[in-house]
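Structure, as structure tokens:
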Amino acid sequence: MSSQRGKRSPLASVGLHATLIGASVIAVFPVLWVFLTSLKPAKYAITTDFFKDTTLDNYRYLVDKTSFFTWFGNSALIAGVTTLLGVFISATTGYAVSRFKFPGMRPLMWTLLITQMFPMAILIVPLYNLMGQLGLLNQPVGLIITYLTIAVPFCAWMMKGFFDGIPVEIDESGRVDGLNPFGTFWRLILPLAKPGLAVTAFYSFITAWGEVAYSSAFMVGDENLTLAGGLQTFVTQYTANWGPMTAASVLIAVPAAVFFLFAQKHLVAGMTAGATKG
């Protein structure tokens, strides 16, 4: 009787597979459209003639006629530093609030939570004024600090949940062996937290790599733009240069895809631990 209940009817199986195929097509279609558009001449940019006169001219134009590599370097610097600092600050903060009791711990955790409730749009003006007063406009440091304010609160909460799932006895054994709190964290706890660190690194990287609003507001001048700001140079009030813009979009997606491939084996475990441990 139980085996019959576990079996799926042919109609239900067809419906399930049809739904999965439909969802896959919906997910892949926009990416495929952008890629195919990047291979089309300008005269076919907004048509469905994807395989007519296929060319790499859009990529050549992007490399030869724009500052794409400058934008790429700016984004790589900002995203790389944001990722490293985001992982370190989130991990140490999460470990501290998971293992130690200190004055102001609860207000700190509430502050980290409340900062996630503010929409980005209402923060641009005060952050812009603050960065202007500190002389950090048009500076990579300004964007790095801004992105850390986005990534660290969420990741610190997630890392706390992950550290809560690691037995406290491991810390105690480290202290018995003569390790100080940071030594225990660095040598014993951190190696066990790889899934959580992978999620933190991925979230911090994506936050800095693909963000548009802050990078457009805080960085001006062709030599200071990030990739997100550089894409906007292909769009004017009246026209859009779809070929180079889609070519740039394809190249921008490659580092994010590579980062995901390296981190994917840890992502599910890390996200699950951070979401379920209190």
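Leu130: more than 23 Å from Ala193 (Cα to Cα), hydrophobic (A, V, I, L, M, F, W, C), part of a loop (DSSP other than H, G, I, E, B) and modelled with pLDDT of 85 or more, yes or no?
Against the criterion (more than 23 Å from Ala193 (Cα to Cα), hydrophobic (A, V, I, L, M, F, W, C), part of a loop (DSSP other than H, G, I, E, B) and modelled with pLDDT of 85 or more), Leu130 does not qualify.
Between Phe72, Phe88, Phe102, Phe118, which is in the same structural domain as Val199 (by TED's automatic domain parsing) and surrounded by 17 or more Cβ atoms within 10 Å (Cβ to Cβ)? So that I can check it myself, show each step before the final result.
Details: Phe88 fails: surrounded by 17 or more Cβ atoms within 10 Å (Cβ to Cβ); Phe102 fails: surrounded by 17 or more Cβ atoms within 10 Å (Cβ to Cβ); Phe118 fails: surrounded by 17 or more Cβ atoms within 10 Å (Cβ to Cβ).
Being in the same structural domain as Val199 (by TED's automatic domain parsing) and surrounded by 17 or more Cβ atoms within 10 Å (Cβ to Cβ) holds for just one of Phe72, Phe88, Phe102, Phe118, which is Phe72.
Considering segment 209-232 alone, what residues qualify as being crowded, with 16+ Cβ neighbours inside 10 Å, out of contact with any Leu (no Cβ under 7 Å at 6 or more places or on another chain) and under 12 Å from Thr70 (Cβ atoms)?
The answer is Asn224, Leu225, Thr226, Leu227, Gly229, Gly230.
crowded, with 20+ Cβ neighbours inside 10 Å and either of a type in the set (D, E, K, R) or modelled with pLDDT under 85 (or both): is that true of Ala273 in this structure?
When the stated conditions are applied, Ala273 passes them.
Can you pull out the residues in segment 228-250 that are of a type in the set (Val, Ile, Thr) and in contact (Cβ under 8 Å) with a residue 40 or more places away in the chain?
Scanning segment 228-250 gives Thr233, Thr246, Val250.
Would you mention how many residues in segment 94-122 are more than 16 Å from the chain's Cα centre (by Cα) and either closer than 20 Å to Ala208 by Cα or hydrophobic (A, V, I, L, M, F, W, C) (or both)?
Qualifying residue count, segment 94-122: 17.
Step by step: first the residues of segment 35-56, then only those that are buried (at least 17 other Cβ atoms within 10 Å of the Cβ) and not small (Gly, Ala, Ser), then the one that is nearest to Val235 (Cα to Cα). Which residue is that?
Looking at residues that are buried (at least 17 other Cβ atoms within 10 Å of the Cβ) and not small (Gly, Ala, Ser), I get Thr37.
So Gly22 fits all but one of (1) at pLDDT below 90; (2) loosely packed, with under 15 Cβ neighbours inside 10 Å; what number is the exception?
Gly22 satisfies all of (1) at pLDDT below 90; (2) loosely packed, with under 15 Cβ neighbours inside 10 Å except (1).
Being among the hydrophobic types (A, V, I, L, M, F, W, C) and surrounded by fewer than 20 Cβ atoms within 10 Å (Cβ to Cβ) is the filter; apply it to segment 190-208 and report the residue that is nearest to the chain's Cα centre (by Cα).
Among residues in segment 190-208 that are among the hydrophobic types (A, V, I, L, M, F, W, C) and surrounded by fewer than 20 Cβ atoms within 10 Å (Cβ to Cβ), the one nearest to the chain's Cα centre (by Cα) is Ile206.
Can you pull out the residues in segment 137-151 that are over 13 Å from Val81 (Cα atoms) and surrounded by 19 or more Cβ atoms within 10 Å (Cβ to Cβ)?
Once the filter is applied, which keeps residues that are over 13 Å from Val81 (Cα atoms) and surrounded by 19 or more Cβ atoms within 10 Å (Cβ to Cβ), segment 137-151 yields only Ile150.
Pro30 passes all but one of (1) within 26 Å of the chain's Cα centre (by Cα); (2) at pLDDT 90 or above; which number fails?
Of the numbered conditions (1) within 26 Å of the chain's Cα centre (by Cα); (2) at pLDDT 90 or above, the odd one out for Pro30 is (2).
Look through Ile170, Ile206 and report the one residue that is touching a residue at least 24 places away in the same chain (Cβ under 8 Å), in a helix (DSSP H, G or I), out of contact with any Ser or Thr (no Cβ under 7 Å at 6 or more places or on another chain) and at negative phi. Lay out the reasoning, then the answer.
On the way: Ile170 fails: touching a residue at least 24 places away in the same chain (Cβ under 8 Å).
When all the criteria are applied, what remains is Ile206.
The values are calculated or read from the model by the stated rules, or taken from the named source; none is laboratory data. It should be emphasised that the depicted structure is a prediction, and the values quoted were computed from it without experimental measurement. Note that each Cβ is placed from the backbone with ideal geometry, even for glycine, and that neighbours are counted across all protein chains shown.
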